[in-house]
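S.K.: Before I ask anything, let me first share the structure, which is written out below as structure tokens.
The values are calculated or read from the model by the stated rules, or taken from the named source; none is laboratory data. All values derive from a computational prediction rather than experimental measurement. Positions of Cβ are backbone-derived with ideal geometry, glycine not excepted, and every protein chain shown enters the neighbour counts.
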Amino acid sequence: MIDFTSRQLRAFLLVAQHRSFSRAAGALFITPSGLSLLIRELEKLLGVRLFDRTTRHVGLTPSGIELLASVQSNLQELDGALSRVGRAATEAGTSLSVGAPPLLMTSVLAPAIKEFQSHHADLRFQLFDSDTASVMERVRSGALDMGMGVFFKHLPGIRRTPLFRFSLMVIRAEDPHQSAPATTTWSALKGEKLIALPSSIPLQQLVDRRLAKAGVAYQPALTVNYLDTQIAMVEAGQGIAIIPSYGLPACGRRKLVMIRLINPVVPLDFSQIRRGGRKLPAVAEDFTSFLQTYMASWAGRSRIL
């Protein structure tokens, strides 16, 4: 009996489908050298070459062609069985661990989870609210099933699913004697008192780059650690702040106005991340699909552009 692994078979199938070791490695979330090792191990176990490889071409050998149909069929059968088992576990009750920064957790995820659980009563969520870097690290280590947020840094082996595109906006305290414009430009912020996040935070680094390009030099009137604190300090009259548009619901509960930043509009991609190759409960895919639809509806209800 030949002792092979499903990972070796998946590696073989992906190379056969992509006709490329580099593209197959990307699909499997491993390095090309790691993929080559899996193929060599499988070829050694079988005692035959499966691929003819040149610098420009990867093709199946006759032995590889003979193996391909069987591998494809058996992996499809295995994946189907795993999916059925996963769904059975979901029906019996399971949990999903999700991490996100506090403002996203309260503004976006809390109502999303409430709506999703109305159709999945047996699902338990385990939540981790912390900064983006901590969320990414917990996903990478396997401590979290998935993370949500705006991620500026790419981590090898992390799968990213875009959910919605937000943008940067300006918030300022309401002035009963003056109506706020719907839009403003980056250059128009010259001379304003800005409440900033620490310069080590990628979101603040993006803001600083855009201000510099617009010719706006500034010293923060105040530096705080969290978006929630920025929002509160703006309401307290300490200055203005540049924040992601997903903060609009939090601002709507305060005496604040939110103004769209243009010239340029700076997009922020809100995404879900998970560790590549990690098998999650079937309900995780259902939650991801739900979020992709939910986000557009939520943004519309919140009047977010």
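S.K.: So, Ala24, is that one within 32 Å of the chain's Cα centre (by Cα) and either assigned by TED's automatic domain parsing to the domain that holds Arg159 or of a type in the set (A, V, I, L, M, F, W, C) (or both) or not?
M.R.: Values: within 32 Å of the chain's Cα centre (by Cα): yes; either assigned by TED's automatic domain parsing to the domain that holds Arg159 or of a type in the set (A, V, I, L, M, F, W, C) (or both): yes.
The answer is yes for Ala24.
S.K.: Would you confirm whether any residue within region 40-51 is surrounded by 13 or more Cβ atoms within 10 Å (Cβ to Cβ) and modelled with pLDDT under 85?
M.R.: So far as region 40-51 goes, no, none of its residues is surrounded by 13 or more Cβ atoms within 10 Å (Cβ to Cβ) and modelled with pLDDT under 85.
S.K.: Give Val98, Val108 a once-over and let me know the one that is β-branched (Val, Ile, Thr), buried (at least 16 other Cβ atoms within 10 Å of the Cβ) and not in a strand (DSSP E or B).
M.R.: Details: Val98 fails: not in a strand (DSSP E or B).
After applying the criteria, what remains is Val108.
S.K.: What strands (runs of 3 or more DSSP E), lying completely within region 223-282, carry at least 3 residues that are in contact (Cβ under 8 Å) with a residue 12 or more places away in the chain and among the charged types (D, E, K, R)? Outline the logic, then answer.
M.R.: Numbers: elements: 241-244, 256-262, 267-275.
Result: 267-275.
S.K.: Among the residues of region 112-124, how many are loosely packed, with under 15 Cβ neighbours inside 10 Å and either over 16 Å from Ser289 (Cα atoms) or not acidic (Asp, Glu) (or both)?
M.R.: Here is the first cut: in region 112-124, the ones loosely packed, with under 15 Cβ neighbours inside 10 Å are 114-115, 117-119, 121-122, 124.
Now drop any that are not either over 16 Å from Ser289 (Cα atoms) or not acidic (Asp, Glu) (or both), which leaves 114, 117-119, 121-122, 124.
So the count comes out to 7.
S.K.: Among the residues in region 176-194, are any under 27 Å from the mean Cα position of the chain (by Cα), in contact (Cβ under 8 Å) with a residue 40 or more places away in the chain and not in a loop (DSSP other than H, G, I, E, B)?
M.R.: Taking every residue of region 176-194 in turn, none turns out to be under 27 Å from the mean Cα position of the chain (by Cα), in contact (Cβ under 8 Å) with a residue 40 or more places away in the chain and not in a loop (DSSP other than H, G, I, E, B).
S.K.: Could you go through region 133-142 and let me know if any residue there is farther than 21 Å from Pro198 by Cβ, assigned to a loop (DSSP other than H, G, I, E, B) and at pLDDT below 90.
M.R.: For region 133-142, residues farther than 21 Å from Pro198 by Cβ, assigned to a loop (DSSP other than H, G, I, E, B) and at pLDDT below 90: present.
S.K.: Could you tell me whether any residue of region 19-27 is within 30 Å of Arg160 (Cα to Cα), free of Cβ contacts under 8 Å to residues at least 24 places away in the same chain and assigned to a loop (DSSP other than H, G, I, E, B)?
M.R.: Step one: filter region 19-27 for residues within 30 Å of Arg160 (Cα to Cα), giving 19-27.
When the remaining residues are screened for being free of Cβ contacts under 8 Å to residues at least 24 places away in the same chain, the result is 22-27.
Retained after the next criterion (residues that are assigned to a loop (DSSP other than H, G, I, E, B)): none.
Scanning region 19-27, I find no residue that is within 30 Å of Arg160 (Cα to Cα), free of Cβ contacts under 8 Å to residues at least 24 places away in the same chain and assigned to a loop (DSSP other than H, G, I, E, B), so the answer is no.
S.K.: Those residues that are touching a residue at least 60 places away in the same chain (Cβ under 8 Å) and either closer than 21 Å to Ser95 by Cα or surrounded by fewer than 17 Cβ atoms within 10 Å (Cβ to Cβ) (or both), I need them from region 136-154; list them, please.
M.R.: First, the residues of region 136-154 that are touching a residue at least 60 places away in the same chain (Cβ under 8 Å): 136, 139-140, 142, 145-151.
Result: Met136, Val139, Arg140, Gly142, Asp145, Met146, Gly147, Met148, Gly149.
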